[in-house]
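The values are calculated or read from the model by the stated rules, or taken from the named source; none is laboratory data. If you're wondering where the values come from, they're calculated on a predicted model, not measured in any experiment. Counting neighbours? That spans all protein chains shown, and the Cβs are built from the backbone with ideal geometry, glycine included. The protein model used for the area step is the full one, side chains on, heavy atoms only, and it has no ligands, DNA or RNA in it. Shrake-Rupley method; radii C 1.70, N 1.55, O 1.52, S 1.80 Å.
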Amino acid sequence: MDVSGGRGQPRPGNDESAEHTGPEAPAPGGTGDAPTAPSAPTPADAKDARPEGPTPDAGAPAPESGTPQDTGAALDHGAPDRGAPAHGRDRAPEHPEPPADRPARAPAGRPEHPDHPFAHSGSGKGQAPQRPEERRRGGLLMGRPFGVPVYVAPSWFLVAILITWVFGGQIDRVLPELGAASYLVSLFFAVAFYASVLVHELAHTLAALRFKLPVRRIQLQFFGGVSEIEKEAETPGREFVLAFVGPLLSLVLAGLFYLGLLAVDPSSVPGVLLAGLMVSNLIVAAFNLLPGLPLDGGRMLRAVVWAITGKPMTGTVAAAWVGRALAVCVLIGLPLLTQSGALGSDAVDNVGMDTVLDALLAAILAAIIWTGAGNSLRMARLREHLPELRARTLTRRAVPVESDTPLSEALRRANAAGARALVVVDADGVPVSLVREAAIVGVPEHRRPWVPVGTLAQDITDGMRVSAELAGEELLDALRATPATEYLVVEETGEIYGVLSAADVERAFVKAMARPS
């Protein structure tokens, strides 16, 4: 984090349709260098192989318990298959009934999700969802130091204009001979200041990479920088180091600018710039060392409490509440200090524009700190519940069918077996593809006897085979590495366990997010 406790990377989890990339847990806000929660899997685009026909409304709610959706694609456990021919009336003569297949094994103890019939779990629009990188980019790509993309958010240009205006006026008072050129000098200062903010964030990034923690990106924005680290530090010692290196580098930069200031005339343009950069980096370091989340000092406090109690959640709670108290102090104290002249300016007896601006700045800073502290608490709660996301418990029972099996017949078999997924197998029973729910919903009932399931299936790639033993972050990482709507879940022996729907993981992810600690 920097200069003023800039927001962290988080986006709160939600239960949007599968058209989106799945819920994102809020990250411990503020420092921006705190780890982000793993994303739910990104549903693959289901447009290309979708048959013609009406598609459901993207905003349609998920079906209630035991109630199939109006699209007619649902399998109502034990109920007559609406897509199956009635007494042979709609059966296609060119598709004789294939031999019966046994359903894939449903191990004991695995819930069959009776509240979610086999139905479309996404938007049904057939348009490609945004990939996480596209949705989270939020700025101009400036480079990839150490392989980590650096983005400049649009809000940075606003603060650059603000710094140029404010600092330019100060330079004009110190060096009136510059005239309008003082604002060019001020613009250079704004760019140089954010370059030092980038150095601060790169310190966090290098420490994270040293500890084998993946870094998604660095973003420069309105109130500083954000380093999005995707995983939690494994020990309190590493957490402390990861947080401390940022303010340490800001202090080092302040010292270097001070040494440069000794070598130039303080009344010259280089002297004014070096003095401004020295002071600004001291402010960045001091502010970030305040002991409250989402600031770096808050993460250091969290690491200390974690080391003492042995419980990372306890450290997060303590540092988050200190952060909230800090937000209240900033909201009330900063305008009072400015108005009293304690920060080096003249005392102000009346309420003017400067007083209003100081109060506005304090309110923005306080809101960022308060929000970041709350995000840190939500992140910690989510990480406590992540182990509950287990592939074995979320997997749906599946029925193996051959590629030329009519969709209506496949749905009838799945209903009869109490299954909620279809796996296309070859003549030897080897799974080759998965039938997508979104594609099934797009087929009208009257056409299902003539549509082979193979035309609605997606080939199984290596990334779409996941182990039934995966759980927590490992499960989410595996699904995020290969975005798809369905995954084949297999035992360690290679035996088919069932099909895992990205929508089921998304729902479980959101429930874990909402569940209290």
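Scanning the range 141-163 for residues that are of a type in the set (F, W, Y) and more than 21 Å from the chain's Cα centre (by Cα) turns up F146, W156, F157.
Yes or no, residue by residue, for (1) touching a Lys or Arg at 6+ places or on another chain (Cβ under 7 Å); (2) assigned to a helix (DSSP H, G or I); (3) not charged (D, E, K, R):
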position: R448; (1), (2), (3): no, yes, no
position: T455; (1), (2), (3): no, yes, yes
position: Q458; (1), (2), (3): yes, no, yes
position: E474; (1), (2), (3): no, yes, no
position: A478; (1), (2), (3): no, yes, yes
position: A484; (1), (2), (3): no, no, yes
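L262 meets the conditions (1) farther than 19 Å from A208 by Cβ; (2) in contact with a Ser or Thr (Cβ under 7 Å, 6 or more places away or on another chain) in every case but one. The failed one is (2). Among the residues of the range 403-413, write down those that are open to solvent by 20 Å² or more (accessible area, probe 1.4 Å), farther than 18 Å from E486 by Cβ and not basic (K, R). Hit for the range 403-413 is D404, nothing else. Could you please give the count of residues in the range 199-209 that are closer than 24 Å to L256 by Cα and open to solvent by 10 Å² or more (accessible area, probe 1.4 Å)? Summing the residues that are closer than 24 Å to L256 by Cα and open to solvent by 10 Å² or more (accessible area, probe 1.4 Å) in the range 199-209 gives 5. Within the range 414-428, the set of residues being part of a helix (DSSP H, G or I) and either open to solvent by less than 20 Å² (accessible area, probe 1.4 Å) or aromatic (F, W, Y) (or both) comprises A414, N415.
Within the range 434-450, the set of residues being surrounded by fewer than 23 Cβ atoms within 10 Å (Cβ to Cβ) and of a type outside the set (D, E) comprises P444, H446, R447, P449, W450.
For the range 215-244, filtered to residues that are open to solvent by less than 30 Å² (accessible area, probe 1.4 Å) and not in a strand (DSSP E or B), the residue that is nearest to I368 (Cα to Cα) is F223.
Screening K212 with (1) in a loop (DSSP other than H, G, I, E, B); (2) charged (D, E, K, R); (3) open to solvent by less than 50 Å² (accessible area, probe 1.4 Å) gives one miss only, at (3). Quick one: would you say A203 is among the hydrophobic types (A, V, I, L, M, F, W, C), farther than 27 Å from L475 by Cα and in contact with an Asp or Glu (Cβ under 7 Å, 6 or more places away or on another chain)? So A203 does not fit the description; no.
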